[in-house]
Amino acid sequence: MSLMTMIVKMSEGLGKTCAIFFLTLLFSLPLGMIVALLRMSKLKVVSAVTRFFITVLRGTPLMLQLLAVTYGPYYLFGTTVARNKLIPVVIAFAINYAAYFAEIYRGGIESISIGQYEAATVLGYSRAQTFLRIILPQVVKRIMPSVTNEVVTLVKDTSIAFTVSYQEMFTIGKQIANSQTSFMPFLVAGVFYYLFNAIVDWLMGRIEKRLDYYR
Amino acid sequence: MTDEKLNTAQEPAAPDILEIRSLQKSFDGQCVLSDISLEVERGNVVSVIGPSGSGKSTLLRCAAFLETADGGDILYDGQYALRDGVYAPKAELNRFRRRFGLVFQNFQLFPHYSVLKNVSEPPMLQGEDREEVRERAVALLKKMGLEGKENAYPYQLSGGQQQRVAIARALAMRPEILYFDEPTSALDPELTGEVLKVIRQLAEEKMTMVVVTHEMPFAKAVSNRVIFMAGGVIVEQGDPRAVLDDPQEERTRQFLRVFDRA
């Protein structure tokens with residue numbers, strides 16, 4: 001098989017790689033905020049339970065979580081394994097990344113001085129207005145570098161979908177590598193991820209720049 | 001006819017804008033405010049002085065509902081915000097909040113907002129007319145000597161300018177009484193003057209103010225009354241000259257000596 005054929009075949013999986021990437025961000029970014037707010041809840045039970053789930057999600061491999069989400073229902077309830085693997089992949093990824101984002105959000109929210117809340121309260125801002133208008137915009141700016149880190153990691157983590165044979169770029173590459181006994185597909189995959197992340201880096205850099213209008 | 005006259009004669013004088021009675025506050029069992037009572041008349045400036053940890057900031061923060069008092073009364077314009085240690089319902093407290101403004105030691109401007117937005121957003125969120133608020137904000141900034149700074153961001157301003165923005169922001173809400181919590185303590189010495197000047201100007205315009213401060217000459221020159229606090233109690237209060245030049249209590253003398261030496 002020529003290198004060109006390999007590249008073309010693997011490119012066909014890029015759409016699915018992107019699907020994992022964008023859908024995971026779409027769900028995990030907001031879900032992370034909910035988890036962060038639960039984690040910071042004044043109700044001890046709520047924050048303790050949330051904290052426990054975060055430690056589990058951050059303390060076990062994403063690969064294991066993906067296998068659990070994909071095949072767990074079959075072993076537990078005898079239900080059939082989803083034919084479209086994108087669903088379990090996105091569920092596992094979104095939950096896992098939400099746990100990481102939650103901790104980033106929490107760090108950002110807790111880094112805003114209490115005086116900002118007090119100033120807003122005295123000026124008649126409601127709790128929701130204070131959070132959405134005063135706190136959140138400042139949090140977004142502060143956490144951008146950490147979020148960029150996670151997003152870059154996510155690009156590479158999409159390859160973990162090969163464990164459940166979801167036909168994304170890396171899974172196809174691995175299959176070609178096996179059938180052709182060639183290392184080339186892995187090199188191609190490496191270049192793809194590198195280029196993908198170059199775009200991510202550039203985009204996140206632009207967002208950070210846009211938030212640069214204040215300190 | 002005579003009855004009517006009698007009634008008007010018996011009617012009490014207009015209530016003070018702020019009245020605090022026997023205010024109590026402790027942190028973790030440690031008493032920080034004990035039996036604090038004071039009134040602030042409309043148009044008066046009251047300075048609160050005292051060593052750090054004396055409870056003067058806590059007192060101001062209690063009046064602004066940023067700290068929860070454990071006992072006593074807080075009345076605005078004769079209406080109870082706190083009665084015998086029990087606060088009025090939340091909606092009512094929000095209405096009381098509109099009566100006062102607070103200027104913080106470290107400004108607490110919103111860094112992601114331009115100067116103009118810092119000053120104009122709060123009244124706009126209260127549903128006031130946007131154009132009217134904008135004009136008011138521009139006028140206030142001009143009055144604070146910040147003409148042309150409307151589109152600047154807080155980080156581009158000096159500390160003294162930032163504090164004057166904070167004062168404009170508080171005034172834009174048209175409070176009946178303005179609280180200052182050590183407004184010049186975070187400023188370099190050469191910048192305190194410009195902030196004290198605008199406060200003095202407000203005093204001349206009969207703005208009602210309570211100022212927690214360490215600036216003794218300012219307190220003496222501007223206030224109608226000085227309150228000296230120490231150890232969570234009001235040790236002495238009265239005419240600024242009387243308290244600062246001829247204190248009756250040993251604790252006050254001791255405190256003021258430190259300033260004389262400096």
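Values in this text are rule-based calculations from the coordinates and carry no lab data. If you're wondering where the values come from, they're calculated on a predicted model, not measured in any experiment. Using ideal geometry, Cβ is built from the backbone for each residue, glycine included, and neighbour counts are taken over all protein chains shown.
Values computed for the structure shown
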{"quantity": "Positions within the stretch A:76-119 being hydroxyl-bearing (Ser, Thr, Tyr), within 14 Å of chain B (Cβ to nearest Cβ) and surrounded by fewer than 15 Cβ atoms within 10 Å (Cβ to Cβ), in sequence order", "calculated": "A:SER111, A:SER113"}
{"quantity": "Where B:SER52 falls short, out of the listed (1) under 17 Å from the mean Cα position of the chain (by Cα); (2) under 19 Å from B:SER185 (Cβ atoms)", "calculated": "(1)"}
{"quantity": "Set A:ARG127, A:ARG51: member being away from chain B (no Cβ under 14 Å) and among the charged types (D, E, K, R)", "calculated": "A:ARG51"}
{"quantity": "Single match in B:TYR179, B:TYR153, B:TYR113 (criterion: aromatic (Phe, Trp, Tyr), in contact with a Leu (Cβ under 6 Å, 6 or more places away or on another chain) and within 14 Å of chain A (Cβ to nearest Cβ))", "calculated": "B:TYR179"}
{"quantity": "Residue identified as within 21 Å of B:ASP16 (Cβ to Cβ) and hydroxyl-bearing (Ser, Thr, Tyr) among B:SER57, B:SER114, B:SER52, B:SER37", "calculated": "B:SER37"}
{"quantity": "Residue match in the stretch A:119-130 (condition: within 26 Å of the chain's Cα centre (by Cα), farther than 28 Å from A:ASN96 by Cα, assigned to a helix (DSSP H, G or I) and without any contact (Cβ under 8 Å) to a residue 24 or more places away in the chain)", "calculated": "no"}
{"quantity": "Complete set of residues in the stretch B:118-130 that are within 10 Å of chain A (Cβ to nearest Cβ) and surrounded by fewer than 19 Cβ atoms within 10 Å (Cβ to Cβ)", "calculated": "B:LEU125, B:GLN126"}
{"quantity": "Helices (runs of 4 or more DSSP H) lying entirely in the stretch B:175-262 (those with 1 or more residues that are in contact with a Lys or Arg (Cβ under 9 Å, 6 or more places away or on another chain))", "calculated": "B:189-204, B:216-222, B:240-245"}
{"quantity": "Hits in the stretch B:63-87 - residues which are within 14 Å of chain A (Cβ to nearest Cβ) and polar (S, T, N, Q)", "calculated": "B:THR68"}
{"quantity": "The listed residue being more than 25 Å from B:VAL222 (Cβ to Cβ) and under 13 Å from the mean Cα position of the chain (by Cα), out of B:PHE96, B:PHE65", "calculated": "B:PHE65"}
{"quantity": "Residue list for the stretch B:201-236, filter: touching a helix residue (DSSP H, G or I) at 6+ places or on another chain (Cβ under 7 Å) and hydroxyl-bearing (Ser, Thr, Tyr)", "calculated": "B:THR213, B:SER223"}
